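The values are calculated or read from the model by the stated rules, or taken from the named source; none is laboratory data. Computed from a prediction, not measured in an experiment: that's the story for all the values here. Here the Cβ positions follow ideal geometry from the backbone for every residue, glycine too, while neighbour counts run over all protein chains shown. Please note that ligands, DNA and RNA were not included when accessible areas were found on the heavy atoms of the full protein model with its side chains. Shrake-Rupley method; radii C 1.70, N 1.55, O 1.52, S 1.80 Å.
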Amino acid sequence: MIYFDNAATSFPKPPEVLAQITACICDLGGNPGRGAHRLSLAAAKMVYTCREAASTFLGAAAPEQIVFTQSTTYALNIALWGLVSEGCHVLCSDIEHNAVMRPLYALQVARHISLDSFCTVDKSDDEILQDIMQKIRPDTRLLVCTHASNICSIKLPIAKIGALCRANGITFVVDAAQSAGHLPIDMTAMQIDALALPAHKGLFGIQGCGVLALAPHVKPMPLVQGGSGYDSRAHDMPPSLPEHLEAGTLPTPAISGLLGGIGFVGSLGLAEIENRTKALFLAARERLESLAGFRIYQAAHAGPVLLFSHDTRSATSLARLLDKAGIATRAGLHCAPLAHAALGTPEGGAVRISFSPFNTLKEIDALWQALKA
């Protein structure tokens with residue numbers, strides 16, 4: 001199968017990642033932090049090595065600021081529920097995923113927060129910043145936004161937004177689900193307070209592991225309580241990171257896959273990954289533009305994600321026809337109804353194709369031929 005659904009999860013996985021996971025399962029069978037025997041200690045060493053690698057890769061202040069979670073969604077929930085205070089004002093962008101929006105909607109009910117969104121579609125960086133500044137209020141305490149959209153290749157000016165938040169005393173939370181492994185991230189330089197990302201997308205790991213990277217001055221309240229491996233008599237979670245937020249057994253094989261994925265991305269290079277995915281985007285855009293009835297959304301933003309629809313065929317029917325032709329895509333609203341509304345897609349959404357460095361121009365031609373047919 002030709003796989004164009006890398007924004008959902010990357011496939012195939014690099015051999016380096018598979019080797020790392022296999023070695024973890026076969027050789028590091030212990031539970032990290034849950035014993036003094038050699039297997040537990042070896043697993044704990046691998047986990048800390050991954051913290052170090054992630055800290056360096058993301059520009060975090062220290063390995064201890066790297067918290068492992070089940071997914072990006074869990075990481076965002078920890079950040080939002082742990083940092084949003086009663087009755088405050090929160091800002092988000094108009095292209096957010098439900099991993100951001102549903103916790104915010106729940107916080108409107110549970111903590112009576114007020115919520116506003118700022119505009120990003122067809123806006124320059126300066127226009128985005130201007131809209132944010134106009135919507136900041138005296139009670140604005142947190143701004144959360146995606147680094148890169150999950151339905152098109154729009155990227156937000158994270159460093160500029162971070163500087164604006166820091167100048168106004170606003171906590172800045174970033175969803176890097178689609179940017180980690182595609183775009184450079186330096187949370188210290190970008191003045192990001194909390195950064196959420198997955199192992200299984202652009203970093204080529206497997207499902208079951210997410211990361212919440214925190215600035216040194218930020219420590220959310222725990223969302224989940226449980227065993228941490230030490231100080232078992234204490235009624236509360238340990239006060240220090242990362243254990244403060246890591247209740248229960250860690251997903252050790254998935255963490256090992258993340259370690260392998262960070263190494264793979266580092267060896268290939270972000271610039272090379274960006275060049276490959278942009279070349280695929282431009283080739284797909286050119287071929288789609290040659291076909292009557294197709295519309296490409298945000299075509300000027302070249303990157304790893306391309307969204308399109310057809311004048312007469314629904315997104316679902318197109319995706320099913322492509323699947324029969326051996327091409328994997330994703331149709332619908334992609335858990336981002338606000339973003340689809342901002343882009344003006346049809347009621348049933350659109351078709352997303354998303355690239356990895358393993359895709360080829362030959363596969364783009366196969367997509368084109370299938371759509372022509």
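Odds and ends about this structure:
- From phi via Karplus (6.51, -1.76, 1.60), per-residue ³J(HN,Hα) for segment 299-313 in Hz, x at Gly/Pro: 5, 6, 9, 7, x, x, 10, 10, 10, 8, 9, 10, 5, 10, 9
- Ellipsoid semi-axes for segment 243-337, based on the Cα gyration tensor and the rule √(5λ), read 34, 20, 13 Å when sorted largest first.
- Pairs exceeding 24 Å between alpha-carbon atoms, taken from 13/362; 13/278; 155/372; 45/155; 278/362: 155/372; 45/155.
- Fraction of alpha-carbon pairs over 14 Å apart in segment 125-179 - percent: 52 percent
- A 1.4 Å probe run over the protein chains yields, for segment 107-217, 35 Å² of accessible area per residue, whole-number rounding.
- For the chain, the longest principal axis of the Cα atoms and the long axis of helix 72-83 meet at an angle of about 60 degrees.
- Relative contact order (percent, whole number), the chain, Cα cutoff 8 Å, 6+ residue spacing: 23 percent
- Here's how it looks for residue 140: its modeled amide H is under 5 Å from those of 89, which are all 5 or more places away or on a different chain.
- Global form of segment 81-151, assessed from the alpha-carbon gyration tensor, a/c cut-off 1.5: oblate
- Where GluC sites (Glu not before Pro) fall in DSSP loop in segment 21-112, at most 11 other Cβ within 10 Å: 86
- Rounded percent of accessible protein surface that carbon and sulfur make up, segment 253-373, 1.4 Å probe: 53 percent
- Accessible area in square angstrom per residue, segment 18-93, 1.4 angstrom probe: 42 Å²
- Expressed as a whole percent, the accessible area of segment 26-164 that falls on carbon and sulfur atoms is 54 (1.4 Å probe).
- Estimated translational D of the chain in µm²/s (Stokes, Kirkwood radius over Cα pairs; 20 °C; 1.002 mPa s): 100 µm²/s
- Taking 180, 189, 61 as the candidate residues, the one with maximal mean-square fluctuation in a Gaussian network model of the chain, Cα springs under 10 Å, is 189.
- 3J(HN,Hα) along segment 323-336: 4, 5, 8, x, 10, 8, 10, 9, 10, x, 9, 6, 6, 9 Hz, from the Karplus curve 6.51 cos²θ - 1.76 cosθ + 1.60 with θ = phi - 60°, whole Hz, x for Gly and Pro.
- For segment 303-373, the solvent-accessible area works out to 45 Å² per residue, with a probe of 1.4 Å and every protein chain left in place.
- Listed values for segment 285-292 are Karplus-derived 3J(HN,Hα) couplings in whole Hz (6.51 cos²θ - 1.76 cosθ + 1.60, θ = phi - 60°), namely 4, 4, 6, 5, 5, 7, 9, 6, and x replaces Gly and Pro.
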